[in-house]
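Accompanying notes for the structure given below.
The values are calculated or read from the model by the stated rules, or taken from the named source; none is laboratory data. Not measured: the values here are computed from a predicted model. Positions of Cβ are generated from backbone atoms using ideal geometry, with glycine treated the same way; all protein chains shown enter the neighbour counts. In case anyone asks, the SASA skips ligands and DNA or RNA and just uses the protein heavy atoms, side chains included. Shrake-Rupley method; radii C 1.70, N 1.55, O 1.52, S 1.80 Å.
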Amino acid sequence: MAKKNKILILNGPNLNLLGKRQPEIYGRLTLEEIGREIRSLAKRLSVEVEIRQSNNEGELVDWIQQAPAQFGAIVINPAAYTHSSVAMRDAIIAAGIPAIEIHISNIYKREDFRKHSYIAGVAVGQITGFGVQSYLLGLRAAVEMLMGPVSC
């Protein structure tokens, strides 16, 4: 499959706890269940996705830096690193491929410190507050950027 048809989905810290952690904010789906929905949509859109999660900022930075060799775009939920990681921001700039920032919750309706994103300024766009749909909308946006309008 061509690089243009491959999208990297990155998940930051504590997203491995989805389904257990604050379900009133993040919902009851686990990251594995969200991954199944992403893969299902990717199949319908004729793209390949790779889904990764890390609690380690350095590992996420490494994956972003390595992405251009294998992927056409990144859909990223930086989680708490949204508000603190200049390193991830710089890695996205250096990668030179489209990045779409997504969040399950609406970060602008939460605590003041969550309202600032270091990633938003270097991402193509940001999708926030739609639960699992944020991932699916982010995937659709990435596919449209790489391949043009999608029909499903």
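Compared with the alpha-carbon gap, the fully stretched path from GLN133 to GLN66 is longer by 21.5 nm at 0.36 nm per residue. Between ARG44 and GLU111, the C-beta separation translates, for a Förster distance of 35 Å, into a calculated FRET efficiency of about 0.45. Extending 7 Å from Cα along the Cβ direction at ALA120 and again at ASN55 yields two label points whose distance is 2.8 nm. Shape call for the chain from the C-alpha gyration tensor, a ≥ b ≥ c root eigenvalues: rounded (a/c under 1.5), prolate (a/b greater than b/c) or oblate? In terms of gyration-tensor shape, oblate. The residues of the chain expose, per residue, 48 Å² of accessible area to a 1.4 Å probe.
Note that segment 33-45 has calculated 3J(HN,Hα) couplings of 5, 4, x, 4, 5, 4, 4, 5, 5, 4, 4, 5, 8 Hz, one per residue in order, obtained from phi through the Karplus relation 6.51 cos²θ - 1.76 cosθ + 1.60 (θ = phi - 60°); glycine and proline are x. Got a number for carbon plus sulfur as a percent of the chain's accessible area, 1.4 Å probe? Accessible surface attributable to carbon and sulfur in the chain totals 50 percent. For the chain, a crude dipole built from +1 on the beta carbon of Lys and Arg and -1 on the beta carbon of Asp and Glu, taken about the Cα centre, is about 360 debye to the nearest 20.
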